[in-house]
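Asker: The structure follows.
The values are calculated or read from the model by the stated rules, or taken from the named source; none is laboratory data. All values derive from a computational prediction rather than experimental measurement. Positions of Cβ are generated from backbone atoms using ideal geometry, with glycine treated the same way; all protein chains shown enter the neighbour counts.
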Amino acid sequence: MRVSLLSPLLLLSLSAGPHAAELPLGRAKCPARCDVSTCPSPSCPSGYVPDRCGCCLICAAGEGDSCGRKEDPPCGDSLDCRYPMGKRFAKGVCQCKLSAQVCGSDGRTYDNICQLKAVSRKALQHGLPAVAQVQKGACESGHLQSSSPRYKFNFIADVVEKIAPAVVHIELFLRHPLFGRNVPLSSGSGFIMSDSGLIVTNAHVVSSTNAISGRQQLKVQLQNGDTYEATIKDIDKKSDIATIKIHPK
């Protein structure tokens with residue numbers, strides 16, 4: 001399973017309306033340190049975006065939701081914020097980038113890929129199989145392409161959608177060779193991918209170009225406040241994606 005298939009969180013992928021997480025979108029001051037144990041765990045059919053502090057995940061705006069104003073969250077995956085008559089001072093509406101019909105692995109025809117993805121996320125959040133695109137255009141009458149690998153298996157993006165609320169906070173430290181103390185280099189969020197402790201995050205979060213020599217150390221804080229050391233398993237700096245694994249105490 002190649003992590004390069006993922007879009008960076010991100011990742012990365014956290015809607016206004018009834019699906020929105022109850023997280024303030026105002027201009028309150030961000031905390032000096034991200035405490036992911038205080039983050040909500042919303043169920044978001046339109047995907048996830050980081051909050052303005054870059055700490056928690058909140059619901060992205062879905063198709064047909066308003067967008068473009070300060071209080072509006074960003075549009076979700078594969079959606080654009082479009083304005084009537086090109087007027088950027090008017091209220092925008094999230095619309096799918098692609099308008100072509102697609103056939104889902106559930107045998108249904110969707111008006112666009114965004115509608116299919118929303119249904120797939122809802123299915124995963126209820127413990128049901130993901131819905132994947134099996135072909136462009138409408139489904140053939142009476143024919144379900146169950147031989148498609150996307151019908152049989154959940155790809156990594158489907159897994160991310162399922163566990164997106166399982167956000168963790170990651171910090172990279174350097175053990176300074178002279179002063180004998182930990183020097184913080186970078187920090188960011190990641191997502192638990194499996195019960196074995198595999199986590200996906202951005203490559204820049206777990207790597208540093210700092211010229212100071214010394215032993216680098218990764219620490220991961222879970223939602224419950226527990227912290228663990230971690231090691232890098234795979235890293236793709238070009239795609240800015242990495243996987244790390246935490247070690248039980």
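Asker: Checking the condition modelled with pLDDT of 85 or more, surrounded by fewer than 23 Cβ atoms within 10 Å (Cβ to Cβ), of a type outside the set (Asp, Glu) and touching an Asp or Glu at 6+ places or on another chain (Cβ under 6 Å), which residue from Ser66, Ser105, Ser99 passes?
Answerer: Ser66
Asker: Take Phe153 and tell me if it is under 23 Å from Lys117 (Cβ atoms), loosely packed, with under 14 Cβ neighbours inside 10 Å and modelled with pLDDT under 85.
Answerer: Criteria met by Phe153.
Asker: Do we have Val206 as at pLDDT 70 or above, on the phi < 0 side of the Ramachandran plot and surrounded by 18 or more Cβ atoms within 10 Å (Cβ to Cβ) here?
Answerer: yes
Asker: Also: When you look at Glu140, is it at pLDDT 80 or above, of a type in the set (D, E, K, R) and in a strand (DSSP E or B), yes or no?
Answerer: Judged against the criteria, Glu140 is not a match.
Asker: Take the residues of segment 209-231 that are among the aliphatic types (A, V, I, L, M) and at pLDDT 75 or above: which is surrounded by the fewest Cβ atoms within 10 Å (Cβ to Cβ)?
Answerer: My answer is Leu222.
Asker: Is there a residue in segment 69-87 that is out of contact with any Ser or Thr (no Cβ under 6 Å at 6 or more places or on another chain), of a type in the set (A, V, I, L, M, F, W, C), in a loop (DSSP other than H, G, I, E, B) and farther than 27 Å from Thr201 by Cβ?
Answerer: no
Asker: Going by the conditions given, is Phe89 exposed (fewer than 15 other Cβ atoms within 10 Å of the Cβ), modelled with pLDDT under 80 and within 25 Å of the chain's Cα centre (by Cα)?
Answerer: Answer is no for this residue.
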